[in-house]
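Structure first, then comments.
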Amino acid sequence: MVSFMPQTMNLQNDIPRHIAIIMDGNGRWAKTRGLPRVQGHRAGAESIREIIDAAKELGVEYVTLYAFSSENWSRPSSEITALMRLLEQFLESKRKDLMRQNVRLLAIGQLHRLPPATRKKLDQVIEQTKDNTSLTLVLALSYGSREEIVDAVRSIAQAVADGSLQPGEIEASHIADSLYTAGMPDPDLLIRTSGEMRVSNFLLWQISYAEIVIFDKYWPDFRQGDLFEAVAQYQKRHRRFGAL
Ligand code: IPE
Ligand code: IPE
Ligand code: MG
């Protein structure tokens, strides 16, 4: 059993099937230590390793990590290059662990915008882990929810133009099935670090009924015990979905 598990957490039931995380605050973590921002991103990769272990331990089915947003392309090119290198290193170093832990990797976002070397590494690990059956780890890369919705609307509009779908037949399920997350359960729990109270274009459709837990600490300081704490808070919530 992992340490730091809160007494209040129920391991037998009410474990969120899908946890989505906005990993924020790497740059500020580095700044408070007088380090370059990239060191914050490097430290943040360590938190990811911990969180995968903890999520597996809990029996969570999906963990989606917001790793790089559509808007993050507007950062200085030096930071973007550093982030892509780190991602490649992460994928290379995690490949064996993911196989050993039976974790399947997926990615959502406008992946065609990633540098070719990063995309290649990503595709390799996705292919290698595709039959793994415990946790599914989803990396949101070059991801923006509005872009995702635009892409979905385009594909639905195409079906209407082709005559295979009538406008009046369009249901919420058509939209859900046209998002990058098609086939995944919606997140039950959304975690954001660094104290920011916003969703920053992350999974807008999918988090409609997610329970939100915000941590003041920066992502590189996020540990297994914090994930357990978030799940304990989730278990105390009364999810009503609009009913009584
Ligand atoms: C989160 O940390 C990681 C990415 C967005 C890639 P930030 O880089 O946003 O760090 P802060 O929020 O500026 O401290
Ligand atoms: C959200 O963090 C994106 C990721 C964690 C990848 P940002 O730092 O980019 O978001 P804002 O700028 O605070 O909204
Ligand atoms: Mg940030």
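Quick note: the coordinates plus some simple rules give every number you see, no bench work behind them. None of these values were measured; they are calculated from a predicted model. For neighbour counting, all protein chains shown are included, and Cβ atoms are generated from backbone atoms with ideal geometry for every residue, glycine included.
Would you order Phe241, Phe68 from fewest to most other beta-carbon atoms within 10 Å of each residue's own beta-carbon? List each step's numbers first, then the result.
Details: Phe241 6, Phe68 22.
If I rank by nearby Cβ atoms, fewest first, I get Phe241, Phe68.
Under the rule of -39500 (n - 2.57) per DSSP H run of 4 or more residues, summed and divided by the residues of the chain, what mean residue ellipticity at 222 nm is obtained, to the nearest 500 deg cm²/dmol? Mind showing how you got there, number by number?
On the way: 7 runs with 104 residues, N = 244.
So the calculated ellipticity at 222 nm is -14000 deg cm²/dmol.
Taking each full run of DSSP H in the chain as one helix, which ones are at least 27 Å long along their axis (Cα atoms) and have mean Kyte-Doolittle hydropathy of at least -1.0? Working shown, then result.
Details: long enough: 37-58 (32 Å, -0.50); 77-100 (35 Å, -0.42).
Result, helices passing both filters: 37-58, 77-100.
What ranking of Leu83, Leu11 emerges when the number of other C-beta atoms within 10 Å of each C-beta is taken as an exposure proxy, fewest first?
Leu11, Leu83
Computed over the Cα atoms, what is the radius of gyration of the chain divided by 2.2 N^0.38 Å, N being its residue count? Present the calculation step by step, with values, prior to reporting the outcome.
Values: Rg = 18.4 Å, N = 244, 2.2 N^0.38 = 17.8 Å.
Normalised by 2.2 N^0.38 Å, the Cα Rg of the chain equals 1.03.
Take the residue pairs Lys56/Lys120; Lys56/Lys94; Lys96/Lys130; Lys56/Lys236 and return only those whose Cα atoms are more than 18 Å apart.
Values: Lys56/Lys120 26 Å; Lys56/Lys94 15 Å; Lys96/Lys130 13 Å; Lys56/Lys236 21 Å.
The pairs that break the limit, which is 18 Å between Cα atoms, are Lys56/Lys120; Lys56/Lys236.
Could you tell me the center-to-center distance, by alpha carbons, between segment 195-227 and segment 63-137 in angstrom?
Each part reduced to its Cα centre gives a spacing of 20 Å.
Based on DSSP loop calls and a cut-off of at most 13 other Cβ atoms within 10 Å, the longest stretch of the chain free of exposed trypsin sites (Lys or Arg not before Pro) is what? Kindly include the intermediate steps, with their values, before the conclusion.
Details: sites that count: Arg33, Lys130, Arg198, Arg237, Arg239, Arg240.
Looking at the chain, 34-129 is the longest stretch - no exposed trypsin sites (Lys or Arg not before Pro) with at most 13 other Cβ atoms within 10 Å.
Classify segment 103-244 as rounded, prolate or oblate, taking a ≥ b ≥ c as the square roots of the eigenvalues of its Cα gyration tensor: rounded when a/c is under 1.5, otherwise prolate if a/b is larger than b/c and oblate if not. Don't skip to the answer; put the middle values down first.
Working: a/c = 1.95, a/b = 1.25, b/c = 1.56.
In terms of gyration-tensor shape, oblate.
Would you work out if segment 56-96 is rounded, prolate or oblate? Take a ≥ b ≥ c from the square roots of the eigenvalues of the alpha-carbon gyration tensor; rounded if a/c is under 1.5, else prolate when a/b is larger than b/c, oblate otherwise. Mind dumping the intermediate values first?
On the way: a/c = 4.83, a/b = 1.68, b/c = 2.88.
Note, shape of segment 56-96 comes out oblate.
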